Amino acid sequence: MSKPALTVLLAAPRGFCAGVDRAILIVERALEKWGAPVYVRHEIVHNRYVVESLRAKGAVFVDELEEVPDDAPVIFSAHGVPKSVPAEAERRKLVYVDATCPLVSKVHREAERHFFREGRHLLLIGHAGHPEVEGTAGQVPDGAVTLVETVEDAERIAPPLAGGLAYVTQTTLSVDDTAAIIAVLKRRFPDIHGPKQEDICYATTNRQEAVKASAAKADALLVVGSPNSSNSNRLVDVARQAGCAKALLIDRAAEIDWNWMVGVRTVAVSAGASAPEKLIEEVLEALSARYTLTVTKVETATEAIEFKLPRVLVA
């Protein structure tokens, strides 16, 4: 029996960004330099396949520094950490490497500048409990930050006005949703200060634009990414907002719901910034086992950004 035809719109850019590439390479280089085990505080990036692959090579993932032995090297995840974490590592004289994405570090410096130099209260646009939000809030003292998660939050917050206000954002948010929140803040607080360049990173923006372009032409959209990946979840949101109601987040090809695929003639495929291309290849193989595929790339931008490794690992 012949297989039904299926058009696959492959969104580009997709998958790994420069910050994720750098973070994973930091763990691999640390294992080469110091040998296993190398400890990592929190998941280095939010992807199960990546974490399990590094665990198999000798990385040990922990929640807090207290779980790290005194004689073991430790790496801080790409999402960034509060200032208290490297301070504690230094107090214990631990060997540590900070794998914070440079674009997240930029937001940290903005937060510090607004509070310490300008004396402003910070409105942090982001998701409660996300490690990037905790890391950014942890650059300034307790009480210096008010979290804003939604347009509704922006409408009702009552921050202290003495000394002025500034906002910064998590780097992996929906571009459109964040713009709506910022619009409310600027309407309510006309003198609020924002970043000179948007905090949402280039990779988040590019992947969302590619999904918009793909979703507009598709019956359904599959996003490869782990459920705790903020930027992957936002791709699903963006697809639905772009008019593609059938949008699904999957960790691996094995999670494709084939009943969900019934009636689909064109499917768009993308991946969050922490998902490797190997997982996209798995999805295409799974689709090709059931369909005769026509694969078309939908490219909205090209990326050539690279971030340098910490000097301690370059030798």
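The values are calculated or read from the model by the stated rules, or taken from the named source; none is laboratory data. Here the structure is a predicted model, which means the values were calculated and not measured. As a convention, Cβ positions derive from the backbone with ideal geometry for all residues, glycine included, and neighbour counts pool all protein chains shown.
Does Ser270 satisfy being in a strand (DSSP E or B), modelled with pLDDT of 95 or more, under 25 Å from Glu149 (Cβ atoms) and of a type outside the set (A, V, I, L, M, F, W, C)?
Yes, satisfied.
Can you give me the ranges of the helices (runs of 4 or more DSSP H) entirely in the range 100-210 with at least 1 residues that are of a type in the set (Asp, Glu) and under 15 Å from the mean Cα position of the chain (by Cα)?
Those helices (runs of 4 or more DSSP H) span 131-137.
Can Val85 be described as of a type in the set (A, V, I, L, M, F, W, C), in a helix (DSSP H, G or I), under 25 Å from the mean Cα position of the chain (by Cα) and not assigned by TED's automatic domain parsing to the domain that holds Leu173?
yes
Given the options Ala162, Ala158, Ala180, name the one that is surrounded by fewer than 18 Cβ atoms within 10 Å (Cβ to Cβ), touching a His at 6+ places or on another chain (Cβ under 9 Å) and not assigned by TED's automatic domain parsing to the domain that holds Asp237.
Ala162
I need every pair where a residue in the range 61-74 that is assigned to a helix (DSSP H, G or I) has its Cβ under 8 Å from the Cβ of a residue that is modelled with pLDDT of 95 or more and surrounded by 15 or more Cβ atoms within 10 Å (Cβ to Cβ), sequence separation at least 6 or different chains.
Once the first residue is assigned to a helix (DSSP H, G or I) and sits in the range 61-74, its partners that are modelled with pLDDT of 95 or more and surrounded by 15 or more Cβ atoms within 10 Å (Cβ to Cβ) give Leu65/Arg41; Leu65/Val74; Leu65/Val85; Leu65/Glu88; Leu65/Ala89; Leu65/Leu94; Glu67/Tyr39.
Please state which one of Glu67, Glu90 is more than 30 Å from Ala166 (Cβ to Cβ) and out of contact with any helix residue (DSSP H, G or I) (no Cβ under 9 Å at 6 or more places or on another chain).
Glu67
Only one of these is more than 30 Å from Asp199 (Cβ to Cβ), surrounded by fewer than 21 Cβ atoms within 10 Å (Cβ to Cβ) and in contact with a Lys or Arg (Cβ under 8 Å, 6 or more places away or on another chain): Leu31, Leu65, Leu10. Name it.
Leu31
It is to be established whether one or more residues within the range 51-60 are under 20 Å from Gly129 (Cβ atoms), part of a helix (DSSP H, G or I) and modelled with pLDDT of 95 or more.
Among the residues of the range 51-60, at least one is under 20 Å from Gly129 (Cβ atoms), part of a helix (DSSP H, G or I) and modelled with pLDDT of 95 or more, which makes the answer yes.
Which of (1) in a loop (DSSP other than H, G, I, E, B); (2) without any contact (Cβ under 8 Å) to a residue 12 or more places away in the chain; (3) closer than 14 Å to Ala23 by Cα does His79 not meet, given it meets every other one?
Just one mismatch for His79, condition (2).
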